[in-house]
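Worksheet for the structure shown next.
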Amino acid sequence: MDIKILDARSSKELLTLTGLGKATTIADVKTQFHLKKRNLYPDRQSYRAASKGKSLKDESTLESLELGNNGKLYFKDLGPQVGWSTVFLTEYAGPLFIYLLFYMRPAIIYGAENVDKPRSMVVQIAAACWSLHYAKRLLETVFVHRFSHATMPILNIFKNSIYYWGFAAFVAYFVNHPLYTPPAGGDIQVYGGLASFLLCEYGNLCIHVAFRNMRPAGTKERRIPQPTGNPMTMLFSMVSCPNYTYEAGAWISFSIMTQCLPALLFTIAGFYQMSIWALGKHRNYKKEFASYPRGRKSIVPFLL
């Protein structure tokens, strides 16, 4: 079987792969293409059955695509790629380092003459919570997460880092500022926010572990997420992405605990982005699984 590879944008023929079998997969096509175009490694390649169609899955066979002999595939260069783990480690190490710089070396930021006053307890708690969150994310990246895709476009590492690092500096500057004042609600507001933050962080970890256990190592298998024996996973019965639900809850709690406007703005921006991701994943679940529970929402129980 011979397959012509065309450019998805211009429809110009790039090359022809010969001697392919019906059982040849898109992953095999990527490997063969790479042998002829050494700079275009498999993770950088995307194929479509039509020039403006959806990217084909690696496990799709030429027979299942019904291309026939002298069929066509449309190639798109995804650009330079970087591993997901590398992206996540970069994204999360930055906010941890930046926040602790403001907290541990305030004289560098605010001037030595402005940091002689003792800090409020909530400032200490906020630094611990921020550090816990990002240390947890770093550890999850290394030991918990199993990624369905090995890489992502390298430009994302810069875009995502600007978001995370920028907000880290924004929040840290105000929470650690010498003129920062504790929340109006006093200890009830601080410790209530702290308790809620820790509960949501634990819930988020439980969901990530549950997601890991749903995907066997070395596979891209997808299953309908279901609650496990852990009560923190009961949110699966109400939303498709409870990890985002807990994440949003953690930052709402942090904002209440610190009564800091930049923290609230960070929470709103994060919730907006997570809602977009959750809605997309929710739609994919419903398309992929005919028996997907109809009562579930994407991120906010009963609402969104």
Checklist entry - For Leu198, all conditions in the list (1) closer than 24 Å to Ala135 by Cα; (2) crowded, with 18+ Cβ neighbours inside 10 Å; (3) of a type outside the set (Gly, Ala, Ser) hold save one; what is the number of the exception? => result (2)
Checklist entry - Only one of (1) free of Cβ contacts under 8 Å to residues at least 60 places away in the same chain; (2) farther than 30 Å from Pro178 by Cβ; (3) open to solvent by 30 Å² or more (accessible area, probe 1.4 Å) fails for Ala128. Which number is that? => result (2)
Item to check | Search result, residues across segment 254-300 that are closer than 30 Å to Asp187 by Cβ and assigned to a loop (DSSP other than H, G, I, E, B) | outcome: Gln259, Cys260, Val300
Next on the checklist: For segment 146-158, check the following and say yes or no: at least one residue is under 16 Å from Val171 (Cα atoms) and of a type in the set (Phe, Trp, Tyr).
Outcome noted: no
Checklist entry - If you go through segment 12-27 one residue at a time, do you hit one that is open to solvent by less than 60 Å² (accessible area, probe 1.4 Å), at pLDDT 90 or above and basic (Lys, Arg)? => result no
Item to check | Meets criteria (of a type in the set (A, V, I, L, M, F, W, C), open to solvent by 40 Å² or more (accessible area, probe 1.4 Å), in a helix (DSSP H, G or I) and more than 16 Å from Phe266 (Cβ to Cβ)) for Phe170 | outcome: no
Next on the checklist: All but one of (1) surrounded by 13 or more Cβ atoms within 10 Å (Cβ to Cβ); (2) under 30 Å from Gly185 (Cβ atoms); (3) at pLDDT below 90 hold for Asp43; state the number of the condition that does not hold.
Outcome noted: (2)
Checklist entry - Hey, does segment 131-141 have a residue that's in contact with an Asp or Glu (Cβ under 9 Å, 6 or more places away or on another chain), in a loop (DSSP other than H, G, I, E, B) and open to solvent by 50 Å² or more (accessible area, probe 1.4 Å)? => result no
Checklist entry - If we keep just the residues of segment 46-77 that are of a type in the set (A, V, I, L, M) and surrounded by 15 or more Cβ atoms within 10 Å (Cβ to Cβ), which is farthest from the chain's Cα centre (by Cα)? => result Leu67
Checklist outcome for this item: Going through segment 216-235 in order, the residues found to be touching a helix residue (DSSP H, G or I) at 6+ places or on another chain (Cβ under 6 Å), part of a helix (DSSP H, G or I) and not polar (S, T, N, Q) are Met232, Leu235
Checklist outcome for this item: From the option list Asn213, Asn243, single residue qualifying as assigned to a helix (DSSP H, G or I), closer than 23 Å to Ser291 by Cβ, among the polar types (S, T, N, Q) and modelled with pLDDT under 95 is Asn213
Checklist entry - Does Ala263 satisfy the criteria of being within 21 Å of the chain's Cα centre (by Cα) and within 30 Å of Tyr180 (Cα to Cα)? => result yes
Item to check | Odd one out for Ile157, checked against (1) open to solvent by 40 Å² or more (accessible area, probe 1.4 Å); (2) among the hydrophobic types (A, V, I, L, M, F, W, C); (3) more than 25 Å from Cys260 (Cβ to Cβ) | outcome: (1)
Item to check | Close pairs from segment 267-292: first touching a residue at least 40 places away in the same chain (Cβ under 8 Å) and open to solvent by 80 Å² or more (accessible area, probe 1.4 Å), partner not in a helix (DSSP H, G or I) and not basic (Lys, Arg), Cβ under 9 Å, at least 6 apart | outcome: Lys281/Ser240; Lys281/Cys241; Lys281/Ser298; Glu288/Ile224; Ser291/Ile224
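The values are calculated or read from the model by the stated rules, or taken from the named source; none is laboratory data. As the structure is a computational prediction, the values presented were derived from the model and not from experiment. All Cβ positions, glycine included, derive from the backbone under ideal geometry; neighbour counts span all protein chains shown. Remember, those area values only see protein heavy atoms, side chains included, never the ligands or the DNA or RNA. Shrake-Rupley method; radii C 1.70, N 1.55, O 1.52, S 1.80 Å.
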